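Student: The structure is given below, and queries will be raised subsequently.
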Amino acid sequence: MLIINEIFYSIQGESTHAGKPCVFIRLTGCHLRCAYCDTAYAFHDGKRMSIQDIIKEIQIFRCKLVEVTGGEPLLQEDVYPLMDTLIESGHKVLLETSGSIALEKINPKVIKIIDFKTPSSQMTTHNRWSTLEQLSTHDEIKFVISDRSDYEWARRVITQHNLPDRCHQVLMSPTHDILDPGLLGQWITQDALCAKLQIQLHKYLKMR
């Protein structure tokens, strides 16, 4: 059984799959408290659902792209068989997770989007850098950038760990309504940084 905060169908707003229709399965609970968190409502509220009930609910959307997110979805042990079942039923599965939990139990077909925490989050001590050894070439790494200090920190991490060669895409996302996306774009281009600027597309579309 899993505690599910919500299941909904919308446009994927982030990652290299941005712009595509996607079903979101949001699990309840998170052990982090990022200063810029925009899903604090998922910390506690939710209902218990079996994997079979979840699969039955998402089938009505007729969409093969599914994102498992939170909160922090890897805190619930049954998330692993859930992702296995989604893969077996023909879905492409994205997993949005912090860089704070080991990844070795995740089905290798799942596309992991690892959100390493920048200084403005006040959660950098939770970053588990050993997870870099557990990445696949289809995985993505994300940094949420609130200011120049975050950017310079992320740039050092990208360079020191040679991230472009470890994953499919390095993403930089400006904190919504805090950092101007154009300014972040300027920093990336000035440094010729091997990273992709992304905005939270769903917030501009005003969709769920």
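The values are calculated or read from the model by the stated rules, or taken from the named source; none is laboratory data. Predicted, not measured: the structure shown is a model, and the values here were computed from it. Cβ atoms come from the backbone with ideal geometry, glycine included; neighbour counts cover every protein chain shown.
Student: Taking the residues in the range 112-130 that are free of Cβ contacts under 8 Å to residues at least 60 places away in the same chain and in a strand (DSSP E or B) as candidates, determine which candidate is surrounded by the fewest Cβ atoms within 10 Å (Cβ to Cβ).
Tutor: Of everything passing the filter in the range 112-130, K112 is surrounded by the fewest Cβ atoms within 10 Å (Cβ to Cβ).
Student: Please state which of the following conditions Y204 fails to meet, knowing it meets all the rest: (1) in contact with a helix residue (DSSP H, G or I) (Cβ under 9 Å, 6 or more places away or on another chain); (2) in a helix (DSSP H, G or I); (3) exposed (fewer than 13 other Cβ atoms within 10 Å of the Cβ).
Tutor: Y204 satisfies all of (1) in contact with a helix residue (DSSP H, G or I) (Cβ under 9 Å, 6 or more places away or on another chain); (2) in a helix (DSSP H, G or I); (3) exposed (fewer than 13 other Cβ atoms within 10 Å of the Cβ) except (1).
Student: I'm trying to understand the selection: among the residues of the range 64-85, which are in a loop (DSSP other than H, G, I, E, B) and not polar (S, T, N, Q)?
Tutor: Within the range 64-85, K64, G70, G71, E72, E77, D78 meet the criteria.
Student: Among the residues of the range 37-51, are any within 15 Å of S98 (Cβ to Cβ), of a type outside the set (A, V, I, L, M) and in contact with a helix residue (DSSP H, G or I) (Cβ under 9 Å, 6 or more places away or on another chain)?
Tutor: For the range 37-51, residues within 15 Å of S98 (Cβ to Cβ), of a type outside the set (A, V, I, L, M) and in contact with a helix residue (DSSP H, G or I) (Cβ under 9 Å, 6 or more places away or on another chain): present.
Student: For H161, which of the numbered conditions (1) surrounded by 14 or more Cβ atoms within 10 Å (Cβ to Cβ); (2) within 21 Å of A18 (Cα to Cα) fails to hold?
Tutor: Result: H161 fails condition (2) only.
Student: Could you run through the range 115-156 and say how many residues are within 24 Å of Q186 (Cα to Cα) and either of a type in the set (A, V, I, L, M, F, W, C) or under 16 Å from the mean Cα position of the chain (by Cα) (or both)? First the steps, then the outcome.
Tutor: Filtering the range 115-156 down to residues within 24 Å of Q186 (Cα to Cα) leaves 115-121, 140-156.
Within this subset, residues satisfying the condition of being either of a type in the set (A, V, I, L, M, F, W, C) or under 16 Å from the mean Cα position of the chain (by Cα) (or both) are 115-118, 121, 140-145, 153-154.
Here the count works out to 13.
Student: Related question: In this structure, does D180 turn out to be of a type in the set (D, E), modelled with pLDDT of 95 or more, touching a helix residue (DSSP H, G or I) at 6+ places or on another chain (Cβ under 7 Å) and under 21 Å from C37 (Cα atoms)? Please lay out each step first, then the result.
Tutor: Numbers: of a type in the set (D, E): yes; modelled with pLDDT of 95 or more: yes; touching a helix residue (DSSP H, G or I) at 6+ places or on another chain (Cβ under 7 Å): no; under 21 Å from C37 (Cα atoms): yes.
Considered against the rule, which asks whether it is of a type in the set (D, E), modelled with pLDDT of 95 or more, touching a helix residue (DSSP H, G or I) at 6+ places or on another chain (Cβ under 7 Å) and under 21 Å from C37 (Cα atoms), D180 comes out as no.
Student: Give me the residue from the range 133-177 that is part of a loop (DSSP other than H, G, I, E, B) and β-branched (V, I, T) and, out of that set, nearest to D38 (Cα to Cα).
Tutor: By that ranking, first place goes to T175.
Student: Looking at D150, D139, D84 in this structure, which one is within 30 Å of I58 (Cα to Cα), in contact (Cβ under 8 Å) with a residue 12 or more places away in the chain and crowded, with 19+ Cβ neighbours inside 10 Å? I'd like the intermediate steps shown before the answer.
Tutor: Values: D150 fails: within 30 Å of I58 (Cα to Cα); D84 fails: crowded, with 19+ Cβ neighbours inside 10 Å.
Result: D139 is the single residue among D150, D139, D84 that is within 30 Å of I58 (Cα to Cα), in contact (Cβ under 8 Å) with a residue 12 or more places away in the chain and crowded, with 19+ Cβ neighbours inside 10 Å.
Student: Kindly establish whether L95 is closer than 22 Å to M1 by Cα, in contact with a strand residue (DSSP E or B) (Cβ under 6 Å, 6 or more places away or on another chain) and not in a loop (DSSP other than H, G, I, E, B). If you could, list the steps in order and put the result at the bottom.
Tutor: Working: closer than 22 Å to M1 by Cα: yes; in contact with a strand residue (DSSP E or B) (Cβ under 6 Å, 6 or more places away or on another chain): yes; not in a loop (DSSP other than H, G, I, E, B): yes.
Answer is yes for this residue.
Student: Something else about it: Pull out all pairs, ordered by first then second residue, where Cβ-Cβ is under 7 Å, the residues are six or more apart or on different chains, the first lies in the range 1-26 and is farther than 21 Å from F43 by Cα, and the second is of a type in the set (D, E).
Tutor: Close Cβ pairs (under 7 Å, with a partner that is of a type in the set (D, E)) amount to Q12/E67; S15/E140; T16/E140; C22/E67.
Student: While we're here: Taking the range 33-49 as the search range and keeping residues that are within 17 Å of K117 (Cβ to Cβ) and of a type in the set (D, E, K, R), which one is surrounded by the most Cβ atoms within 10 Å (Cβ to Cβ)?
Tutor: Here the answer is D38.
Student: Can you find a residue that is surrounded by fewer than 16 Cβ atoms within 10 Å (Cβ to Cβ), in contact with a Pro (Cβ under 9 Å, 6 or more places away or on another chain) and closer than 21 Å to V93 by Cβ anywhere in the range 164-175?
Tutor: For the range 164-175, residues surrounded by fewer than 16 Cβ atoms within 10 Å (Cβ to Cβ), in contact with a Pro (Cβ under 9 Å, 6 or more places away or on another chain) and closer than 21 Å to V93 by Cβ: absent.
Student: Looking only at strands (runs of 3 or more DSSP E) that fall completely inside the range 1-63, which ones have 3 or more residues that are under 15 Å from the mean Cα position of the chain (by Cα) and not β-branched (V, I, T)?
Tutor: 21-27
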